[in-house]
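Participant: Handing you a structure now.
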Amino acid sequence: MTRESLGVPVFAIGVPTVVGAAAIVHDTVETMVETLARSQDTKSYGAYIGNLNPDEQYELIRELLEPEFGPMYVTPQDIDETVEMLGFTISEALHQVVYRG
């Protein structure tokens, strides 16, 4: 929807409702590194991952996940209720801005 296609100004509001699986795994890397460091057999893996910068860690995780599972995205269990609540909140905010008084 654009001004050109509708003939009126358009205002868009986006609310993120999904997160990539690689981002979720990336958030758990610190715990994984600590766990790997506890065992002599896996200590070197933990050290390798721990020495990567956050962007390199993310890319490594993505490269490991995507060939097996493809790009995966996760949404909360209560997404229907969340979207309904967010839609209502945004509509009420816009209503108050447009129709003050």
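Each value in this text was obtained by applying a stated rule to the coordinates, not by laboratory testing. Owing to the predicted nature of the structure, the values given are computational and were not obtained by experimental measurement. Glycine gets a Cβ as well: all are built from the backbone with ideal geometry, and neighbour counts include every protein chain shown.
Participant: What's the angle, to the nearest 10 degrees (0 to 90), between helix 79-98's Cα axis and the longest principal axis of the chain?
Facilitator: 40 degrees
Participant: Expressed as a fraction of 2.2 N^0.38 Å, the rule-of-thumb size for a compact globular protein of N residues, what is the C-alpha radius of gyration of the chain?
Facilitator: The chain yields a ratio of 1.69.
Participant: If R0 is 41 Å, what FRET efficiency do you get for residue 88 and residue 6 from their C-beta distance, rounded to 0.05?
Facilitator: 0.95
Participant: Are there trypsin sites (Lys or Arg not before Pro) in segment 34-98 that DSSP marks as loop and that have at most 13 other Cβ atoms within 10 Å, and which are they?
Facilitator: 38
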